[in-house]
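The values are calculated or read from the model by the stated rules, or taken from the named source; none is laboratory data. Because the structure is a prediction, the values reported are computed rather than measured. Using ideal geometry, Cβ is built from the backbone for each residue, glycine included, and neighbour counts are taken over all protein chains shown. Note: accessible area is taken over every heavy atom of the protein model, side chains too, but ligands, DNA and RNA are not part of it. Shrake-Rupley method; radii C 1.70, N 1.55, O 1.52, S 1.80 Å.
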Amino acid sequence: MNQQMIELLAGGIKETLYMTLVSTFIAYVIGIPLGVICFITDKNGICPGRIIHLVTGILINLLRSVPFLILLVAIIPLTRLIVGTTIGSTATIVPLVVAAAPYVARMVESSLKEVDAGVIEAAKSMGSSRLQIIYKVLLPEAKPSLLVGGLISMATILGYSAMAGFVGGGGLGAIAINYGYYRYQTDIMFVTVAFLVLIVQLFQEAGIWLVNRIDKRSA
Amino acid sequence: MADTVLEIRNLVKKFDGHIILNDLDMNVQEGEVVVILGPSGCGKSTLLRCINGLEEIQSGSVRIQGKEISGTKENAGLLRQKVGMVFQSYDLFPHLSVLGNIMLSPVKVQKRKKDEVKEEALELLKKVGLADKADSYPRQLSGGQKQRVAIVRALILHPEILLFDEVTAALDPEMVREVLDVILSLAKQGKTMLIVTHEMQFAKAVADRIVFIDEGKIMEEGTAKEFFEHPQTERAKKFLHVFSFEDVR
Ligand SMILES: Nc1ncnc2c1ncn2[C@@H]1O[C@H](COP(=O)(O)OP(=O)(O)OP(=O)(O)O)[C@@H](O)[C@H]1O
Ligand SMILES: [Mg+2]
């Protein structure tokens, strides 16, 4: 493997990390409030509201049921509007976020559902306001579970980012497709795949380490 | 005559159309310890939950020191602090230390000073024999210890009335005593309490008044002596019979 290849791969790794991390971050900025709203507006939630619950639920399900490759193409106008181009890793962030945010919202919702209802009632019985319950009880209680969800989301987004390589996205996925698929350079493809696997593993290990550190709930 | 802390009038509570509490009236005076007895499913827990606003009520009123607790969304939080509740399942916050559990509400909800709250928390922990557990996490405590922490967590808000819902029901027998002793000492200090329990000996010892509930109504009430020795209604007699055993040999 020559110098040029190494530079290519290094650039791919950088782009993949950039797309994955930024998309995950923005997806969480949108997904956490969405998931919290969906959770608390449930009819047994701390702030029941049928209409809001229904609307957020439908929005989440709708976006989640569109296959990523289709979504990628379908929202090209939106991507162009926001980024100004549809090619490259920055442009890929838009569809990644649109696909991941509802996914994250569901993850967040299910993490919150794991929080013991009795603990929420205890907070209520001590006079906590709804916001206090969300910030001081729900989210901190669910933190380990939220982190695990974050890892899974990140791995999923990484996979999606590779898919985006087919339609002009950047990163390792684009390299694998351009060299491995179009030019039959299988060696490059294998190296790229190895790096993708490695990145997922690294995220996972780091995440599990972090979860174990902060989880005060079990021995 | 002492002030009335809790005043319940014509309380009706339904679940899915089923009447659970049926036009119930009840008063608790300052410093009084009232024990609620009744068969399983008669609505004891539901009554306590209505008193601190965890359940919506269909009609009637629940007043704490003359202030209506139901329906008034704005000051619901304020009023709830006046009603301390301890649950059967402790419901400590698992992610917080013992001290964190106790300090959360006084600091965040009541906006009291951290130092002052901490001092009081440690004082209270000492009183219930847990001075050395301040920095432990709930998972490191026994059931009896958790329940004593839960009691401290309720006490530190300085409630006007404390509600206990079968707080020893989930405990191993050897831990029941340590929790009941804490409640007995609170009674001695003159705390106003409403206690649901299945520990009859404890009920006898602690109660100024026994209230017997069945079918969503108060069937009978009186001093512990009156109730246990001379129950008036057939239902109460039947209920008490469950707890007595005859010699079979
Ligand atoms: N959330 C709920 N939804 C529907 N029904 C309920 C609900 N909570 C309680 N009930 C019903 O209300 C009745 C009274 O329940 P409650 O828990 O108050 O009884 P209890 O006197 O505390 O019984 P126990 O001694 O077993 O604790 C029961 O018939 C129960 O099935
Ligand atoms: Mg009960």
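Summary table below
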quantity: Members of the stretch A:103-152 that become less accessible by 30 Å² or more once partner protein chains are added (1.4 angstrom probe, chain alone as reference); calculated: A:VAL119, A:GLU121, A:ALA122, A:LYS124, A:SER125, A:MET126, A:GLY127, A:GLN132, A:LYS136, A:GLU141
quantity: Between B and A, accessible area buried - total, square angstrom, nearest 100, 1.4 angstrom probe; calculated: 2000
quantity: 1.4 Å probe accessible area per residue over the protein assembly as shown, in Å²; calculated: 50
quantity: Partner aspartates and glutamates for A:LYS43 [C-alpha distance under 18 Å; skip if fewer than 8 residues away on the same chain]; calculated: A:GLU109, A:GLU114, A:ASP116, A:GLU121, B:ASP16, B:GLU55, B:GLU56
quantity: Most mobile of A:ALA99, A:ALA174, A:ALA123 in a GNM of chain A (Cα contacts under 10 Å); calculated: A:ALA123
quantity: Cβ charges +1 (Lys, Arg) and -1 (Asp, Glu), total dipole of chain B, debye; calculated: 740
quantity: Length gained when the stretch B:LEU78-B:SER59 is fully extended (0.36 nm per residue, less Cα-Cα span); calculated: 4.7 nm
quantity: Protein accessible area in the stretch A:109-219, 1.4 Å probe - carbon and sulfur %; calculated: 63
quantity: Förster radius 41 Å - calculated FRET efficiency between A:VAL66 and A:PHE190 (Cβ-Cβ, nearest 0.05); calculated: 0.85
quantity: Distance (nanometres) between label positions extended 7 Å along Cα→Cβ at A:ILE52 and B:LYS111; calculated: 2.4
quantity: Rounded to the nearest 10 Å², the accessible area of B:THR223 at probe 1.4 Å; calculated: 60
quantity: FRET efficiency estimate (nearest 0.05) - Cβ-Cβ, A:ASN44 to A:ILE208, R0 25 angstrom; calculated: 0.20
quantity: Percentage relative contact order, chain B, counting C-alpha pairs under 8 Å, at least six apart; calculated: 26
quantity: Crossing angle, helix A:89-113 versus chain A [Cα axis fit, 0-90 degrees, rounded to tens]; calculated: 30
quantity: Accessible area of the stretch B:104-198 belonging to carbon and sulfur atoms, whole % at 1.4 Å probe; calculated: 46
quantity: Distance between modelled label sites at A:ARG80 and B:GLN232, nm, 7 Å Cα→Cβ extension; calculated: 8.6
quantity: A:PHE25 versus B:ASP172: modelled label distance in nm, points set 7 Å from Cα along the beta carbon direction; calculated: 5.0
quantity: Hull-based mean projected area of the stretch A:18-171, where the convex hull spans the alpha carbons, in square nanometres; calculated: 9.1
quantity: Gap separating the Cα centres of the stretch A:112-172 and the stretch A:27-87, nearest whole Å; calculated: 14
